[in-house]
1. Among Ala234, Ala51, Ala13, determine the one that fluctuates most according to a GNM of the chain built with springs between C-alpha atoms less than 10 Å apart.
2. Looking only at Thr204, Thr193, Thr280, which one moves most when the chain is put into a Gaussian network model with springs between Cα atoms under 10 Å?
3. What pairs from Lys8/Lys224; Lys20/Lys174; Lys174/Lys224 go past 21 Å between their alpha carbons?
4. Would you kindly state how much longer the chain becomes between Asp172 and Ser59 on full extension, computed as 0.36 nm times their sequence separation minus their alpha carbon distance, in nm to one decimal?
5. Using all C-alpha to C-alpha distances in region 180-230, build P(r) with 5 Å bins and read off the rounded percent in each one.
6. Rg(Cα) of region 5-54 divided by 2.2 N^0.38 Å?
7. Quick one: Karplus J couplings for region 149-155, per residue in order, coefficients 6.51, -1.76, 1.60, θ = phi - 60°, nearest Hz, x for Gly and Pro?
8. Report, in debye and to the nearest 20, how large the dipole of region 221-302 comes out about its Cα centre when Lys and Arg carry +1 and Asp and Glu carry -1 on their Cβ.
Amino acid sequence: MAAPMPTKRTEVATATLEGKIYVVGGFEKPSLGNVLNLAITPSVEVYDPTADRWTSKASMPVGLHHVGIGVAGGRLYVIGGYSQSGLSVWNPVATVYAYDPTTDSWTERAPMPTARGALSVTEHDGKLYAIGGYDRKANNAQVEVYDPLHNVWRTAAPIPTPRDHLAAATIDGKIYAIGGRLDGDYSRNLSVTERYDPVNDRWTRVANLPTARSGITAAVIEGKIYVMGGEGAAGTFNENEGYDPAHNVWQRMAPMPTARHGLGSAVVQRQIYVISGGPTPGGSFSDLNEVFIPPGTSVKAD
């Protein structure tokens with residue numbers, strides 16, 4: 001266990017930037033202070049694993065949840081998601097916001113071609129791949145690629161299994177899209193895992209995630225993908241399943257101490273910090289910060 005977040009949230013996005021873990025957006029636990037925003041938060045909280053301490057940074061320009069997040073060129077990018085529109089919290093957006101840690105400031109960048117939330121974003125070769133999602137009418141098959149250096153988008157081959165609340169990760173030049181659900185319905189969870197080759201712009205099916213689930217998070221350490229958490233009709237998941245792309249096999253790993261969905265994960269010094277998320281399906285919240293130590297990793301002494 002590590003220091004808990006200052007706020008209890010769910011449907012967050014997390015990423016590591018310059019050795020610190022950024023947690024952005026999502027829903028805060030409802031209170032009188034956030035009733036006008038329908039509990040959607042723009043806040044950014046940053047965890048320093050070395051000091052085991054949290055600080056607050058400049059908030060996003062607007063409150064968002066179910067966003068995609070990625071890091072490229074020393075900046076953090078928040079892509080798509082859902083915003084408030086009137087009394088609805090499910091307005092899909094195409095916005096892209098870039099955070100510069102040197103100035104603690106946000107700027108708006110070229111929007112994604114397709115507005116959607118509950119997508120997943122992963123980085124490859126300095127580009128950010130925005131995969132899948134849900135526009136509140138249908139699942140998105142779109143794979144759109146953002147070039148932060150030139151602030152332009154292009155379209156890649158669509159994902160064969162359109163879905164939302166999935167996870168994505170990059171290993172050895174290949175991109176993996178894992179799990180998720182159909183049409184935002186967690187009673188329709190998937191175990192599908194598909195691999196994308198950016199060189200030939202082609203998707204192929206690989207071994208299924210052992211436990212069909214959505215609202216998950218994924219992290220990469222030393223050539224393996226670890227997929228944690230999620231929700232389904234029966235409740236939330238504490239599953240932690242590791243994928244070895246070299247052998248196309250999954251392995252069950254030590255489960256999370258606390259089952260939850262809408263969580264985030266980030267890697268610092270070969271340890272995975274699994275943060276926030278709801279312990280029960282739907283609108284539930286936590287400030288949890290649980291740390292997974294993969295096989296072969298030693299715990300540093302204080």
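1. Top of the fluctuation ranking is Ala51.
2. Most flexible of the set in this elastic network: Thr204.
3. Exceeds cut-off: Lys8/Lys224; Lys20/Lys174.
4. Details: separation 113, 0.36 × 113 = 40.68 nm, distance 3.37 nm.
Stretched fully, the Asp172-Ser59 segment lengthens by 37.3 nm.
5. Here the calculated profile for region 180-230 is 5, 17, 22, 25, 19, 9, 2, 0.
6. In units of the 2.2 N^0.38 Å rule of thumb, it is 1.22.
7. Values per residue, Gly and Pro as x: 5, 9, 6, 9, 10, 9, 9 Hz.
8. Here the size comes out at about 100 debye.
The values are calculated or read from the model by the stated rules, or taken from the named source; none is laboratory data. Just so it is clear, the model here is predicted, and its values are computed rather than measured. Reconstructed Cβ throughout: ideal geometry from the backbone, glycine too, with neighbour counts over all protein chains shown. Side chains included, ligands, DNA and RNA excluded: accessible areas come from the protein's heavy atoms. Shrake-Rupley method; radii C 1.70, N 1.55, O 1.52, S 1.80 Å.
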